[in-house]
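What follows is a set of notes on a single structure, which appears directly below.
The values are calculated or read from the model by the stated rules, or taken from the named source; none is laboratory data. Just so you know, these numbers come straight off a predicted model, no measurement behind them. Every residue, glycine among them, receives a Cβ derived from its backbone with ideal geometry; neighbour counts consider all protein chains shown.
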Amino acid sequence: MKTLETGDPAPNFALPASNGETVTLSDFQGKWVVLYFYPKDDTPGCTKEACNFRDGTAQLKKKGAVVLGVSKDDLNSHQKFVQKYSLPFLLLSDTKGEATQKYDVSNRSTFLIDPKGKIAKVWRSVKVDGHDTEVLESI
């Protein structure tokens with residue numbers, strides 16, 4: 001499988017979300033999607049990254065963007081994480097690693113997907129500090 005690059009179609013997926021529904025990437029056609037993969041709920045780096053996206057949600061919405069967080073944690077873990085930090089976006093549970101595999105993710109990574117479903121930008125081996133600002137500036 002080739003590594004995804006800018007301009008490639010973003011692979012679709014169907015994953016259970018922290019709101020109890022199954023979410024697909026195609027649900028967000030016509031919007032910018034910040035799809036970020038992170039290692040584990042409620043760990044220092046992942047909490048900081050989630051809270052940075054939480055704090056930038058208003059600015060992202062102004063640009064027509066939604067944030068989706070993905071990890072291999074189960075829904076129960078995601079729901080606790082969302083409640084503890086008042087996260088205003090969905091966390092998707094990829095317990096079988098299906099989306100992780102489709103996006104060839106082995107570490108903290110973010111994909112910016114344009115309204116037509118193409119990958120606009122890829123960040124691999126993300127450093128948390130300032131990442132939310134980089135993403136916002138790329139939309």
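Points worth noting:
- Residue in the stretch 40-55 that is among the aliphatic types (A, V, I, L, M), surrounded by 13 or more Cβ atoms within 10 Å (Cβ to Cβ) and touching a helix residue (DSSP H, G or I) at 6+ places or on another chain (Cβ under 7 Å) present: yes
- The number of residues in the stretch 32-70 that are more than 15 Å from the chain's Cα centre (by Cα), of a type in the set (A, V, I, L, M) and closer than 19 Å to Val105 by Cβ comes to 0.
- Residue tally, condition in contact (Cβ under 8 Å) with a residue 40 or more places away in the chain and farther than 19 Å from Gly117 by Cβ, over the stretch 51-71: 5
- Unique residue being of a type outside the set (Gly, Ala, Ser), closer than 19 Å to Ala65 by Cβ, modelled with pLDDT under 95 and touching a Ser or Thr at 6+ places or on another chain (Cβ under 8 Å) when the list is Val122, Val126: Val126
- Count - residues of the stretch 73-104 that are over 14 Å from Phe13 (Cα atoms) and either among the aromatic types (Phe, Trp, Tyr) or at pLDDT below 95 (or both): 3
- Residue count for the stretch 83-139 satisfying the condition of being in a helix (DSSP H, G or I), crowded, with 20+ Cβ neighbours inside 10 Å and either touching a strand residue (DSSP E or B) at 6+ places or on another chain (Cβ under 6 Å) or without any contact (Cβ under 8 Å) to a residue 40 or more places away in the chain (or both): 2.
- Filter result for Phe13 (touching a strand residue (DSSP E or B) at 6+ places or on another chain (Cβ under 9 Å), aromatic (Phe, Trp, Tyr), at pLDDT 95 or above and under 17 Å from Val105 (Cβ atoms)): yes
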